[in-house]
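For reference, the structure is listed below as structure tokens.
Every number here is computed from the coordinates shown, using simple stated rules; none is lab data. All values derive from a computational prediction rather than experimental measurement. Neighbour counts run over all protein chains shown; Cβ positions are idealised from the backbone, glycine included.
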Amino acid sequence: MKTMIIVSDGLEECEALVTYDLLFRAGIEVELVGLNDQITSSHKLTFMPHRNIDEIDPAEYECLILPGGMSGTLNLENDQRVQDLIDLFVKQDKYVCAICAAPSILIHKGLLDNRKFICFPGFENGLVPENEKAVQDGKFITGKGLGAAFEFSYLIIKNLVSEEKAKEVLNKIQY
């Protein structure tokens, strides 16, 4: 099952990279898909994603992941290509996952209305989040922030592979 993590300038790099690492360890084919050919994180780490968003075929992917970071979230939300991908994944009943500030993108689209979710405090936009590190409701998986990246990734692995594999990955990294 192929997964994309959409990365943009200003992202919280550890939310993207910890998630990438854990999914990779679970045997999931995962790619960092960039809004640009080079990404600079909120902490001034510069890296090259595997592919540019303009080069992908959305039909190849079963899961879309949005990392947070304040300016990174704004860059994702303000990009029509990202908006279109979210709409397509929802329409096709594929997984849409977001962590930290990024669930606010889904909130602004009305996708988390009447659903269980979590986000970084202050990004709820009037909705009431759960009191968990990571939450799943249907095909939506959300995480509270960097400190919840392991629980967030666990839920993704559990759904894309199995609960046994998710437990195995966390056990192997001494979580």
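Residues that are over 15 Å from the mean Cα position of the chain (by Cα), in a loop (DSSP other than H, G, I, E, B) and free of Cβ contacts under 8 Å to residues at least 24 places away in the same chain: does the stretch 1-14 have at least one?
Looking for residues that are over 15 Å from the mean Cα position of the chain (by Cα), in a loop (DSSP other than H, G, I, E, B) and free of Cβ contacts under 8 Å to residues at least 24 places away in the same chain, one finds none in the stretch 1-14, hence no.
Can you tell me which condition PRO49 does not meet? The list is (1) surrounded by fewer than 19 Cβ atoms within 10 Å (Cβ to Cβ); (2) farther than 20 Å from ALA166 by Cβ; (3) touching a strand residue (DSSP E or B) at 6+ places or on another chain (Cβ under 7 Å), and all the others hold.
(1)
Among the residues of the stretch 119-154, write down those that are surrounded by fewer than 21 Cβ atoms within 10 Å (Cβ to Cβ), touching a Cys at 6+ places or on another chain (Cβ under 8 Å) and part of a helix (DSSP H, G or I).
Matches in the stretch 119-154: LEU146 only.
Out of the stretch 15-46, which residues are buried (at least 16 other Cβ atoms within 10 Å of the Cβ), among the aliphatic types (A, V, I, L, M) and over 12 Å from the mean Cα position of the chain (by Cα)?
LEU22, ALA26, ILE28, LEU35, ILE39
Considering the stretch 64-99 alone, what residues qualify as being over 24 Å from GLU124 (Cβ atoms) and either touching a Lys or Arg at 6+ places or on another chain (Cβ under 9 Å) or part of a strand (DSSP E or B) (or both)?
LEU88, ASP93, LYS94
All but one of (1) crowded, with 20+ Cβ neighbours inside 10 Å; (2) farther than 20 Å from ILE156 by Cα hold for TYR61, so report the exception by its number.
(2)
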